[in-house]
1. Using only the heavy atoms of the protein chains and a 1.4 Å probe, how would E167, E241, E66 rank by accessible area, largest first?
2. Using θ = phi - 60° and the Karplus form 6.51 cos²θ - 1.76 cosθ + 1.60, what ³J(HN,Hα) does each residue of the stretch 102-114 get, whole Hz, x for Gly and Pro?
3. Compute the relative contact order of the chain as a whole-number percentage, counting only Cα pairs closer than 8 Å that sit 6 or more residues apart in sequence.
4. Which order do the peptides 56-64, 77-85 take when ranked by the mean count of other beta-carbon atoms within 10 Å per residue, highest first?
5. Tell me the carbon and sulfur percent of the accessible area for the chain, rounded to whole percent, probe radius 1.4 Å.
6. What is the local net charge at N182, summed over the other residues whose Cβ is closer than 13 Å to its Cβ (Lys, Arg +1; Asp, Glu -1)?
7. Mean 1/r over all different Cα pairs, inverted: what Kirkwood radius does the stretch 1-111 give, in Å?
8. Past 19 Å, Cα to Cα: identify those pairs from K100/K191; K142/K253; K85/K120, in the order given.
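The values are calculated or read from the model by the stated rules, or taken from the named source; none is laboratory data. In this text, all values refer to a predicted model and were calculated from it rather than measured experimentally. So basically every Cβ, Gly included, is an ideal-geometry build from the backbone, and we count neighbours across all protein chains shown. Remember, those area values only see protein heavy atoms, side chains included, never the ligands or the DNA or RNA. Shrake-Rupley method; radii C 1.70, N 1.55, O 1.52, S 1.80 Å.
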Amino acid sequence: MIIDTHCHLDFDQFHADRDSVIERAEKAGVKYFINVGSSLEGSRKSVELASRHDSVFASVGIHPHEADHITEDTFTEIEGLLRDKKIVAIGEIGLDYFKKRSAPDKQKTLFTRFIEISKKRNLPLIIHNRDAARDTLDILKKNGTHPVSGVMHCFSGDEKFLGEVLEMGLHVSFTCNLTFKNAKRLREVAKGVPLDRLLLETDAPFLAPQAYRGKRNEPAYIIELRDVLSEILNVSKEEIEKVTTDNAKKLFKIPG
Ligand code: NI
């Protein structure tokens, strides 16, 4: 049994075959999905998707790419969405200085504001960081809980960054990019993640595993990630499934 802790099944890429995508994943062993909101529209759709499928939970948040376009009305609607019972996290939120689609100052303000919301609602964070490690950690240290409840999603970075992330109390998740031929360095870093902090995610439709590289990713492919982690960490596939499922249930308070 597997939990895909980060996917975007609300995206248009799944418009034509969303139900069969969910079915295929369930056949592959995925019992629960956390559909992650990355915009106001996406958060709305995540909540809606979760209401239609018992196996889908929702996360509400706004990606740093959107930071330039946020108004007070956005937050009014976010607060409304947060009343839904299937919301298990705040995210994805964070900083992205790689694409810099929004001004860094606006990104920081948005990130901080969502951290405040997460504290008020007692919900864990799903954090996006790209080329902004220093500022991400500083903001979390200054504004987050201690330890920080949440996950550094699609982890990228070196051993030093991993050490700081773990010290703050965060969980770590890798996507199927860990299976890429050229991800040797990341696989080395992954060896340093303790089992009790590890989560699985696909970030579908993005980052399909090596075997399907360049194509649409979907939650059924999460077994490729499980398999590579089993190799890297030298534990059985069953053990990877068990610990990551236990971790996800605890962090996101998923019942059952
Ligand atoms: Ni994502």
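1. Descending accessible area places them as E167, E66, E241.
2. 10, 5, x, 5, 5, 4, 5, 4, 5, 4, 4, 4, 5
3. On the way: 507 pairs, mean separation 49.5, N = 256.
Result for the chain is 19 percent.
4. 56-64, 77-85
5. Exposed carbon and sulfur together represent 49 percent of the surface.
6. Details: positive: K181, K184, R185, R187, R213; negative: E188.
Neighbour charge sum, excluding N182 itself: +4.
7. The Cα-based Kirkwood calculation yields 14.5 Å.
8. Working: K100/K191 30 Å; K142/K253 25 Å; K85/K120 16 Å.
Listed pairs above 19 Å: K100/K191; K142/K253.
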